[in-house]
Amino acid sequence: MSMWHRLRTLFVVCCSLLLGVFAFSCVAGDLSSDVRKGASGPDTGNGGYIEVGLGLSSYTSPIVGVPEGNKKDEVHTEGILDVNARYQYQGWFAELFSQSLEQFTMGYNFYNGSNAYNNDGNWAIDWVALAEHDEMSAEETNDYRGLDTRHGDFMSGPRATAYYGNYIVQLHALTDISGTHYGELYSLKLARHWQHRNWNFHGIIGATYRSQEITDYYFSIDADEASARYPEYEAPAGMSYVAELGATYPISEKWVFRGFVRRIGMESEATDSPLILDDHGETVSIAVSYVF
């Protein structure tokens, strides 16, 4: 067994064990949203909020066709609609956060409370459902002409969150419930926030494991669709990593500024796929939103 396979196995086992501990010891929110708000615990009340704004994003994409005609290290700049919203009632919730790694999530909260062992920190566990991967098809971009359609998926599973002072740890263990690829995804993210006057600074690091069913479905090239541009290829299971730094500033009671710099990296072997241009991508984004 290679070193990478050992690390992948260890990562999956650790995530599964930690989720089990949270389930027996412990409504958390989206980690990207919580760390920007400087949250020290889960949101337990009914109700919600909505924010709408405009922003600007510059990014490089490692995926062929995202956007159409994309090339390695090519910088794309575009205006964005920044929408952030959350509503919760009796444990059921739906949350949308444009700057999040997950963006839209819905689910049900099972429990939240303090650590049962030493009463230190806040814990929460939810059951969530969300779309993790977008469709890749010729209808979306001409770069996929001649390839079979890779449909978007819908995944579900437990999400566990721990709050320790300025730190937030969040884990996902998701399984495809849409019948798209029947794959599994495990992610672990650590976030920290710092308050300086009215500024809230944050950092996020994380890792995600995708089973071979996921990577094969989206990034393999079957013999019946292979061509000179897209030669036959079988993708292995893989890991991706994220690092992010950002800042949030309340301009007034109703206006909020947010910005971040994010880098997403992949194992170098993943770039062997004809549908992947590079082993990393970066995003720089700023937005100003109005709170209703």
Check your understanding: Going through the range 155-167 one residue at a time, which ones are under 15 Å from residue 102 (Cβ atoms) and either over 15 Å from the mean Cα position of the chain (by Cα) or small (Gly, Ala, Ser) (or both)?
Key -> 156, 157, 160
Study note, to complete from the structure: Here the residues within the range 177-209 that are surrounded by fewer than 20 Cβ atoms within 10 Å (Cβ to Cβ) and more than 30 Å from residue 137 (Cα to Cα) are 190, 192, 194, 195, 196, 197, 198, 199, 200, 201, 203, 205
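Quickly run through the range 162-211 and pick out the residues that are assigned to a strand (DSSP E or B) and either modelled with pLDDT under 95 or farther than 20 Å from residue 241 by Cβ (or both).
162, 163, 164, 175, 176, 193, 194, 195, 196, 199, 200, 201
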Review point. Restricted to the range 223-267, and to residues that are surrounded by 13 or more Cβ atoms within 10 Å (Cβ to Cβ) and part of a loop (DSSP other than H, G, I, E, B), which residue is modelled with the lowest pLDDT?
Key: 267
Revision key, fill the gap. Scanning the range 237-289 for residues that are of a type in the set (Val, Ile, Thr) and touching a His at 6+ places or on another chain (Cβ under 8 Å), the one nearest to residue 217 (Cα to Cα) turns out to be 264
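Based on what the data block shows, is residue 142 over 24 Å from residue 178 (Cβ atoms), in contact with a Leu (Cβ under 7 Å, 6 or more places away or on another chain) and polar (S, T, N, Q)?
On the way: over 24 Å from residue 178 (Cβ atoms): yes; in contact with a Leu (Cβ under 7 Å, 6 or more places away or on another chain): no; polar (S, T, N, Q): yes.
No, not satisfied.
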Practice item. Specify the residue that is modelled with the lowest pLDDT; the eligible residues are those in the range 133-161 that are among the acidic types (Asp, Glu) and surrounded by fewer than 19 Cβ atoms within 10 Å (Cβ to Cβ). Key: 140
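The values are calculated or read from the model by the stated rules, or taken from the named source; none is laboratory data. The structure displayed is predicted, hence computed values, not measured ones. Note: ideal-geometry Cβ built from the backbone for every residue, glycine included; neighbour counts use all protein chains shown.
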